[in-house]
Amino acid sequence: MSSQVKMKIPQNLLFIFCISLTCVTDAAEVIHVSGYEGSAVRVSCNYSQGYEFYEKYMCKNGCGGSDVIITTSETKKNKYSINDDKKAQTFTVTISDLQYKDAGKYRCGVVEGGSNIGTEVRVDVFPDSCCHSVTKIQSYDGGSVSISCPYESVYQNNLKYICRGNQPSTCLQQAVVISDSKQTTQFTLTDDRKSQFTVTITNLTQKDSGSYLCGVHRNTGLDVFSAVELEVTDVTYQDYILPAALTPLLIITLVLVMVLINKICKLKGVCRGERRTFNHIYANQDVVMRSKQKQKSAC
């Protein structure tokens, strides 16, 4: 396509922008889409009947001749690919290996002659890692652990899941359990449908140690995640370690016992009586020793 070609988008053209498998339909002037670094972003545009055999395009920035990144006259160009489904009246542009430099303004439409009219798309790129805060959990070999995953009430009916690692882009595909199938051999997911879901892991081994992501799938935009770090220790080590939560309780109990014993001693004089008894014992032992000495002297 040369710079002399003028592009016109029909006024009744409906744009549907898709991120991965999630689509957003919006008639606003600017559509915001997001993707993770290294992943792929898919942008789909619907067009009206009668434009099946017109050329479609995707452009970036000002959409001049050099800004056209791909058209339907070329199936693939560098990291961009395009596919026109004439039966569904939809063409789809995929941007692979998303990088930070791919962030910015885009536009897609149909080449019909006339002025270049289209809907602006703004792409944001985020690092494929999570999260700023991590919840740390400890358990022991052969035991079980429950991981609490909070979420906003607006997502009470959304799909929930948990995966190993800390890569949001592949978490759903690699989930060890999801809310649609609430239990596996080792993992069980329960959702209170209010503010959190809980994942219980049984028959723990030290191989289960590592990073986990709790995910909530959103119909538009990127999924919501919270991070957990699980440490599974040897059971023999746990036998000799007092749980941190019990240590303050033990100290308080010992103090109370000592105070109680001291009060009993003061009220009943038991402690003073014991000291007098001990004194009498020592005195009796002294008398016995003197008697034995006198017997030896007499002999």
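Kindly indicate whether Asp97 is touching a residue at least 24 places away in the same chain (Cβ under 8 Å), charged (D, E, K, R) and assigned by TED's automatic domain parsing to the domain that holds Gln167. Judged against the criteria, Asp97 is not a match.
A quick yes/no check of all residues on (1) at pLDDT 95 or above; (2) farther than 25 Å from Arg42 by Cβ; (3) surrounded by fewer than 18 Cβ atoms within 10 Å (Cβ to Cβ):
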{"residue": "Cys163", "(1), (2), (3)": "yes, no, no"}
{"residue": "Val176", "(1), (2), (3)": "yes, yes, yes"}
{"residue": "Leu189", "(1), (2), (3)": "yes, yes, no"}
{"residue": "Thr198", "(1), (2), (3)": "yes, yes, yes"}
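Assigned to a loop (DSSP other than H, G, I, E, B), touching a Lys or Arg at 6+ places or on another chain (Cβ under 9 Å) and within 24 Å of Phe126 (Cβ to Cβ): is that true of Asn158 in this structure? So Asn158 passes the test.
Within the option set Phe91, Phe126, being touching a residue at least 60 places away in the same chain (Cβ under 8 Å) and among the aromatic types (Phe, Trp, Tyr) holds for one residue only, Phe126. So for the stretch 127-147 (the condition being crowded, with 18+ Cβ neighbours inside 10 Å, β-branched (Val, Ile, Thr), within 26 Å of Pro168 (Cβ to Cβ) and modelled with pLDDT of 95 or more), does at least one residue qualify? Yes, the stretch 127-147 contains at least one residue that is crowded, with 18+ Cβ neighbours inside 10 Å, β-branched (Val, Ile, Thr), within 26 Å of Pro168 (Cβ to Cβ) and modelled with pLDDT of 95 or more.
Considering every residue within the stretch 139-150, establish whether at least one is in a loop (DSSP other than H, G, I, E, B) and under 13 Å from the mean Cα position of the chain (by Cα). The answer is no; no qualifying residue exists. Checked across the stretch 209-219, the condition of being surrounded by fewer than 10 Cβ atoms within 10 Å (Cβ to Cβ), at pLDDT 60 or above and among the aliphatic types (A, V, I, L, M) holds for no residue.
Just one of the listed residues (Ile137, Ile147, Ile69) is farther than 21 Å from Ile31 by Cα and in contact with a Cys (Cβ under 8 Å, 6 or more places away or on another chain), namely Ile147. Pairs linking a residue in the stretch 208-234 that is in a strand (DSSP E or B) to a residue that is among the aromatic types (Phe, Trp, Tyr), with Cβ atoms under 6 Å and 6 or more positions apart or on different chains, are Leu213/Phe225; Gly215/Tyr161; Gly215/Phe225; Val216/Tyr151; Val216/Tyr155; Val228/Tyr212; Thr233/Tyr140. Listed by first and then second residue, the pairs linking a residue in the stretch 58-80 that is closer than 21 Å to Gly38 by Cα to a residue that is assigned to a loop (DSSP other than H, G, I, E, B), with Cβ atoms under 7 Å apart and 6 or more places separating them unless they lie on different chains, are Lys79/Ser96; Lys79/Asp97.
The values are calculated or read from the model by the stated rules, or taken from the named source; none is laboratory data. Predicted model, so just to flag it, every value in this text is computed and none were measured. Quick reminder, even Gly has a Cβ in these numbers, built from the backbone with ideal geometry, and neighbours come from all protein chains shown.
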